[in-house]
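Okay, so here's the structure we're looking at.
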Amino acid sequence: MSSALFSPIRLGDVEFANRIVISPMCQYMADDGAATDWHLMHYGNLAMSGAALLFTEATAVSAEGRISAQCLGLWTDAHEAAIDRFMTFSRTNGGPDLKIGIQLAHAGRKASVHRPADGAQPLTAAEGAWQTLGPSALPYDTGWHTPQAMDRVALDRVKADFVQAAERSARLGFDVCEFHVGHGYLLHQFLSPLSNQRNDEYGGDLAGRMRYPLEVFQAVKAVWPAGRPLGVRVSATDWVEGGWTVEETLAFVQALKQVGCDFADITTSGVDPRQKIPVGPGYQVAFAETVKRETGMPTMAVGMINDPEQAETIIRDGQADFVMLARGMMYDPRWAWHAAEALGATVAYPPQYARAEPSRWPQAFAHRRETAPDTIGDMRQLK
Ligand SMILES: Cc1cc2nc3c(=O)[nH]c(=O)nc-3n(C[C@H](O)[C@H](O)[C@H](O)COP(=O)(O)O)c2cc1C
């Protein structure tokens, strides 16, 4: 039986060779927002993974929207040129079927902190802390920065920052763009009643809390090339009593569908440190399944998906249209090659590495040895 995980799928005008997506992963290695040699190595390496779609890490739409001072950004021509370097390299040298997506983000009240390797705590003034923004002047936790509640000017400016970053992303040739509306960052902060206590049209009931993220989405949709998938990463629940719920997520995804959203990448949590997350294999897949079933939106499932059979089942059973891997791809950057071998499927290798493909040297693989031809095979050309 052919593999569902390795079957193609189309979103808009873009054809994906399989259902494997490399989930966004912050690297905290940028130089004043600009990509460095680290990004060239990191993305160049992942570009060969065999995944159909490689997402960049959260890419800040403005300096103040960065989580840490080391986060990647896209708000100047210099940032655009720095991303172009690793993009072009990844495209040229990566798997022949590779598509590349960008995740655009604004950290809101969770900005201005040390990178995780340095403790992930808020920066002090002496360490260069900056004024953070949020829907309401409510800090994420005790001792965290109190954000400035966004007024009309700030709402318009941040929306314009998203639009400008999306225009730059389109120019850079990204095949896919997703907004970060999860993990407690700015647009999620607008959705959740725990972080949004505004009493204007951008707060209060569900329609009010969804208004700003939807306005940002529509503004970007207006400039994003038709046919290239535009989607969101959304937290399906805050895992906190009184927080954002699955039912609200369904309403939000329905509203996004009305304004031309092409996919939803379903994660959870991040807005409130009181969250209690029942972590385990595939712990967020059921949320993607619910969203897909109830809204008909193409979904991506993420979170502790690491086993090829597990990934195959998620796609075969229609729980999601794509699986995303983060840690699994750092652990094994050729995960898709190995999954293809485990599932009896094929995946396109870049020509430089084509001879590592198991069918080219089957005698080296125990499970292939019995049926492998008794010849020296590829050894003839080992020069
Ligand atoms: C090092 C690292 C950096 C991450 N950075 C981001 C990010 O930039 N944007 C995002 O939406 N999620 C980020 N995540 C979350 C992952 O995309 C993913 O949702 C999460 O790790 C669960 O998937 P996994 O179990 O396959 O690791 C990050 C995760 C890791 C491990």
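Numbers at a glance
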quantity: Cβ crowding within 10 Å averaged over residues, with 83-90, 144-151 ranked highest first; calculated: 83-90, 144-151
quantity: Between 0 and 90°, nearest 10: helix 246-258 axis offset from the chain longest Cα axis; calculated: 80 degrees
quantity: Long-range HN-HN contacts of Leu54 with modeled amide H, under 5 Å; calculated: Ile22, Lys99, Ile100, Gly101
quantity: Kirkwood Rh, angstrom, the chain [1 / mean 1/r, Cα pairs]; calculated: 21.4 Å
quantity: Compactness of region 253-383 as Cα Rg over 2.2 N^0.38 Å, two decimals; calculated: 1.40
quantity: Pair-distance profile P(r), taking every C-alpha pair of region 175-302, with 10 angstrom steps and integer %; calculated: 14, 47, 33, 6, 0
quantity: Label-to-label distance, nm, for residues given as His367 and Arg327 (7 Å Cα→Cβ offset); calculated: 2.4 nm
quantity: Burial order of peptide ranges 181-188, 227-234 (average beta-carbon count within 10 Å, highest first); calculated: 181-188, 227-234
quantity: Sequence ranges 299-311, 259-271, 351-363, ranked by mean other-Cβ count within 10 angstrom, highest first; calculated: 259-271, 299-311, 351-363
quantity: Total lysine pairs under 27 Å (Cα atoms) in the chain, excluding pairs fewer than 8 apart on one chain; calculated: 13
quantity: Cα shape, region 108-158, gyration tensor, a/c 1.5 rule; calculated: prolate
quantity: Helix-only CD estimate at 222 nm, as mean residue ellipticity for the chain, using -39500 (n - 2.57) per DSSP H run (n ≥ 4); calculated: -9500 deg cm²/dmol
quantity: Additional length obtainable on full extension of the chain from Ala81 to Ser7, 0.36 nm per residue less Cα span; calculated: 23.2 nm
quantity: Region 337-372-region 241-270 distance, computed between alpha-carbon centres (Å); calculated: 40 Å
quantity: Taking the convex hull of Cα positions in region 99-228, its mean projected area over all directions (nm²); calculated: 9.0 nm²
quantity: The chain: antiparallel DSSP beta bridges as a percent of all, rounded to 5; calculated: 15 percent
quantity: 5 Å binning of all Cα-Cα separations within region 329-376, expressed as whole percents from 0 upward; calculated: 5, 19, 27, 25, 17, 5, 2, 0
quantity: Distance between region 89-152 and region 8-64 - C-alpha centres, whole angstrom; calculated: 17 Å
quantity: Prolate/oblate/rounded call for region 261-316, Cα gyration tensor, a/c under 1.5 rounded; calculated: oblate
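Just so you know, all these numbers are worked out from the coordinates, no wet-lab data involved. Just so it is clear, the structure is predicted and the values come from calculations on it, not from any experiment. A quick note on method: Cβ atoms are made from the backbone with ideal geometry, for glycine too, and the neighbour counts reach across all protein chains shown.
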